[in-house]
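Undergrad: For reference, the structure I am asking about is given below.
The values are calculated or read from the model by the stated rules, or taken from the named source; none is laboratory data. Remember, predicted model here, so these are calculated numbers, not experimental data. For neighbour counting, all protein chains shown are included, and Cβ atoms are generated from backbone atoms with ideal geometry for every residue, glycine included.
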Amino acid sequence: MRLFLASLAMSAILPLAPAQAAEDPFSYLPMVPMEKIYEGLGGKIRVDETVRPLPRRPPALQTVEVVRKIGYLNFPPKTIVSTFSFDPATGNYAKETSTSAFSKAVFHYHPPLVRAHLPFRKGGHWEGEDGQNTIHDRVWGKVRITLPAGTFVCWVVRRRLTYDLISRRSTQILYEYYAKGVGFVGEGGWSATGKWHWSKRLLSFKMGTDQSGGVGR
């Protein structure tokens with residue numbers, strides 16, 4: 001109900017067209033060279049993100065490297081480098097590796113952590129584990145939103161994060177937004193006071209030309 005009311009506040013909810021069931025799986029999560037700038041938590045966080053396609057690997061896995069430079073208030077910026085792959089046999093877009101923001105460690109996900117199942121379809125769902133944390137995702141539907149980077153028609157993925165803390169378990173609900181031709185554009189949720197806030201939203205983006213010998217779409 002909260003998401004429905006928030007969506008009405010941002011714009012009207014759009015009906016799902018039958019033709020969308022056969023759309024290009026990369027329409028809303030393109031694996032192409034691009035640069036994005038996000039802000040979050042009312043401007044307290046800034047994320048500069050660069051996406052670079054990598055050479056295709058057998059069995060036909062398409063892979064990208066995502067470099068994120070994260071700045072929080074007056075703290076020194078941190079850089080995190082991750083790799084994501086798409087498996088055409090399963091439709092899974094998954095995180096394979098990630099560096100740490102606090103050390104030189106590189107984490108390898110076995111099995112890869114599913115971040116999306118493509119193409120998006122209403123009611124589609126997937127889950128995974130990131131360390132001690134459990135993730136449950138479900139495709140809620142489509143909305144039109146306006147961000148500093150522009151107005152987008154987005155698939156909305158409801159994400160439930162369950163944190164396994166030392167003394168208790170804690171759950172957080174977030175909503176992720178994916179726009180056609182751009183990919184991830186924002187993430188939001190409700191605070192303890194019931195007020196909607198953007199934990200991350202797209203300020204600007206620029207599409208690039210692949211110069212790495214990798215593959216794009």
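Residues checked against (1) without any contact (Cβ under 8 Å) to a residue 40 or more places away in the chain; (2) surrounded by 15 or more Cβ atoms within 10 Å (Cβ to Cβ); (3) touching a Leu at 6+ places or on another chain (Cβ under 6 Å):
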position: Asp24; (1), (2), (3): no, no, no
position: Met34; (1), (2), (3): no, yes, no
position: Arg52; (1), (2), (3): no, yes, no
position: Asn74; (1), (2), (3): yes, no, no
position: Lys95; (1), (2), (3): yes, yes, yes
position: Val114; (1), (2), (3): yes, yes, no
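Undergrad: Pull up the stretch 125-165, narrow it to residues that are of a type in the set (A, V, I, L, M) and at pLDDT below 95, then point me to the one that is surrounded by the fewest Cβ atoms within 10 Å (Cβ to Cβ).
TA: So in the stretch 125-165, the residues of a type in the set (A, V, I, L, M) come out as 135, 139, 143, 145, 147, 149, 153, 156-157, 161, 165.
Filter again for at pLDDT below 95, leaving 135, 161, 165.
Values: Ile135: 16, Leu161: 16, Leu165: 9.
My answer is Leu165.
Undergrad: Additional query: In the stretch 54-72, how many residues are in contact with a Pro (Cβ under 6 Å, 6 or more places away or on another chain), among the β-branched types (Val, Ile, Thr) and surrounded by fewer than 16 Cβ atoms within 10 Å (Cβ to Cβ)?
TA: 0
Undergrad: Only one of (1) exposed (fewer than 14 other Cβ atoms within 10 Å of the Cβ); (2) closer than 23 Å to Gly40 by Cβ is not met by His110, so which one is it?
TA: (2)
Undergrad: Based on this model, can you work out whether Thr171 counts as in a loop (DSSP other than H, G, I, E, B) and among the hydroxyl-bearing types (Ser, Thr, Tyr)? Full working, then the answer.
TA: Details: in a loop (DSSP other than H, G, I, E, B): no; among the hydroxyl-bearing types (Ser, Thr, Tyr): yes.
Taking the combined requirement at face value, the residue does not satisfy it.
Undergrad: Looking only at residues that are of a type in the set (D, E, K, R) and within 19 Å of the chain's Cα centre (by Cα) in the stretch 79-118, which one is modelled with the lowest pLDDT?
TA: Quick first cut of the stretch 79-118, residues of a type in the set (D, E, K, R) only: 87, 95-96, 104, 115.
Next, from what is left, pick out any that are within 19 Å of the chain's Cα centre (by Cα): 87, 95-96, 115.
Details: Asp87: 91, Lys95: 95, Glu96: 95, Arg115: 94.
Once the filter is applied, the top-ranked residue is Asp87.
Undergrad: Restricting to the stretch 174-217, count the residues that are at pLDDT 95 or above, over 18 Å from Ser27 (Cα atoms) and either charged (D, E, K, R) or not in a strand (DSSP E or B) (or both).
TA: Going through the stretch 174-217 one residue at a time, the tally reaches 3.
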